[in-house]
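All remarks here apply to the structure that follows.
The values are calculated or read from the model by the stated rules, or taken from the named source; none is laboratory data. Please read all numbers here as calculations on a predicted model, not as lab measurements. All Cβ positions, glycine included, derive from the backbone under ideal geometry; neighbour counts span all protein chains shown.
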Amino acid sequence: MFDLKLTPETVIMLTYALMLDFAGLIVTVCVLDDAGILDIVGMLTIFPWLIIRNKRVTVKEGGIMGKVKNLFTNKYLKFLTPAIGELTPVLGGIGFFWTATVLFNITETDEE
């Protein structure tokens, strides 16, 4: 399903995304409000990484997993999906959208 290779990019970006998502979860569980600061920090760091990475994606999987992967790897949806998910008040706190975005985009396949 996921073909993760242990590269510096994988370790750094996946750890960073997990830290953002866990911080959002802790804030939500403690019934606090970060006023969108975690969302802005994620967008200012992960979105430029996606732009710099700029890989083409081939979604070969069918069914639900293929549709979910398409949400996080499509040319336009890879920005829109985590933005909408993270900006939604409770869903952004409990959903791991940054981690899913990084995970799906690191394990993508190139189409030449």
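Counting only residues that are within 18 Å of Phe97 (Cβ to Cβ) and surrounded by 12 or more Cβ atoms within 10 Å (Cβ to Cβ), the stretch 54-67 holds 1 of them. Residues in the stretch 1-39 that are buried (at least 16 other Cβ atoms within 10 Å of the Cβ) and either closer than 21 Å to Leu50 by Cα or among the small types (Gly, Ala, Ser) (or both): Met13, Leu14, Tyr16, Ala17, Leu20, Asp21, Ala23, Gly24, Leu38, Asp39. Screening Ile51 with (1) at pLDDT 85 or above; (2) surrounded by 13 or more Cβ atoms within 10 Å (Cβ to Cβ) gives one miss only, at (2). Among the residues of the stretch 68-83, write down those that are polar (S, T, N, Q) and surrounded by 15 or more Cβ atoms within 10 Å (Cβ to Cβ). Matches in the stretch 68-83: Asn70, Thr73, Thr81. Residues in the stretch 54-103 that are of a type in the set (Val, Ile, Thr) and either free of Cβ contacts under 8 Å to residues at least 40 places away in the same chain or under 29 Å from Val29 (Cβ atoms) (or both): Val59, Ile64, Val68, Thr73, Thr81, Ile84, Thr88, Val90, Ile94, Thr99, Thr101, Val102. For the stretch 18-42, residues that are out of contact with any Pro (no Cβ under 8 Å at 6 or more places or on another chain) and either among the aromatic types (Phe, Trp, Tyr) or assigned to a helix (DSSP H, G or I) (or both) total 17.
Within the stretch 9-25, at least one residue is touching a residue at least 60 places away in the same chain (Cβ under 8 Å) and more than 26 Å from Leu91 (Cα to Cα). For the stretch 71-84, the condition holds for no residue, the condition being that it is closer than 13 Å to Thr107 by Cα and among the aliphatic types (A, V, I, L, M). Cβ-Cβ contacts under 9 Å between residues 6 or more apart (or on different chains), taken from a first residue in the stretch 30-48 that is free of Cβ contacts under 8 Å to residues at least 60 places away in the same chain to a second residue that is loosely packed, with under 11 Cβ neighbours inside 10 Å and in a helix (DSSP H, G or I), are listed as Asp33/Pro89. Working only within the stretch 84-99, note down all residues that are part of a helix (DSSP H, G or I) and crowded, with 18+ Cβ neighbours inside 10 Å. Within the stretch 84-99, Gly85, Glu86, Gly92, Gly93, Phe97, Trp98, Thr99 meet the criteria.
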